[in-house]
Structures are given as structure tokens and as C-alpha cells.
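**Student:** Input: one structure, supplied below.
The values are calculated or read from the model by the stated rules, or taken from the named source; none is laboratory data. These numbers were taken from a predicted model, which means no experiment stands behind them. Note that each Cβ is placed from the backbone with ideal geometry, even for glycine, and that neighbours are counted across all protein chains shown.
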Amino acid sequence: MEWFKAIGGGTLDQKSLITWLVRALFLPFTRAAKNLAHGKGIEGNFVGEGLITGGLYVINKGGGVAWSHREAEIGDAFDVDDVLQAVTALR
């Protein structure tokens with residue numbers, strides 16, 4: 001959980017299950033609904049905390065952030081091409 005606190009500015013960015021379900025199931029125009037549809041057919045193990053948003057960082061050798069993506073909504077995806085471009089630029 002310390003990693004999630006660190007990327008969240010010291011606090012966990014934990015979403016409400018009921019709020020997320022309402023947006024995902026009853027409001028088809030929301031990102032929550034899009035993310036739910038995108039995840040269909042993907043198997044998981046239900047281990048861990050699924051209501052805490054995460055992210056991805058590309059860190060340079062000096063410890064600085066070269067690229068980052070932080071989930072605003074559960075299931076927000078990053079563009080793999082953006083990550084590859086950031087990693088390639090570090091070489």
C-alpha cells in the first residue's frame with residue numbers, strides 16, 4: 001500500500017464501490033462504463049485491492065520521472081506507444 005500512497009501524494013486514492021458500479025452499469029457514457037467493457041473477458045485472481053487507483057512511471061537513471069500515467073478512474077489504461085517512446089528516449 002505504500003506505493004499507492006506515494007503516487008497518490010501521501011494518501012490512497014480509493015474509490016467507492018457503489019459509486020463506481022452506478023457509473024459503470026447505469027451511465028453508459030462514463031469512463032467507468034468504458035473501462036468495464038474494456039475489461040470483459042480478462043481473467044483476474046481477485047487478489048489485492050481493486051478500488052485503489054494506480055499508475056505507471058518511467059524513471060530515469062537519476063531518479064526523475066521521465067513519463068507518468070495516473071489512473072483517474074479505475075481501469076484507466078495508458079498508451080503503450082507513449083511508454084515505449086519514453087523508454088526509448090532514455091537510451
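**Student:** Can we say residue 7 is under 19 Å from residue 78 (Cβ atoms), in contact with a Leu (Cβ under 8 Å, 6 or more places away or on another chain) and either surrounded by 14 or more Cβ atoms within 10 Å (Cβ to Cβ) or modelled with pLDDT of 70 or more (or both)?
**Tutor:** So residue 7 does not fit the description; no.
Condition check ((1) part of a strand (DSSP E or B); (2) on the phi > 0 side of the Ramachandran plot; (3) among the acidic types (Asp, Glu); (4) surrounded by 13 or more Cβ atoms within 10 Å (Cβ to Cβ)) across all residues:
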{"position": "56", "(1), (2), (3), (4)": "yes, no, no, yes"}
{"position": "62", "(1), (2), (3), (4)": "no, no, no, no"}
{"position": "66", "(1), (2), (3), (4)": "yes, no, no, yes"}
{"position": "73", "(1), (2), (3), (4)": "no, no, yes, yes"}
{"position": "76", "(1), (2), (3), (4)": "no, no, yes, yes"}
{"position": "82", "(1), (2), (3), (4)": "no, no, yes, yes"}
{"position": "88", "(1), (2), (3), (4)": "no, no, no, no"}
{"position": "91", "(1), (2), (3), (4)": "no, no, no, no"}
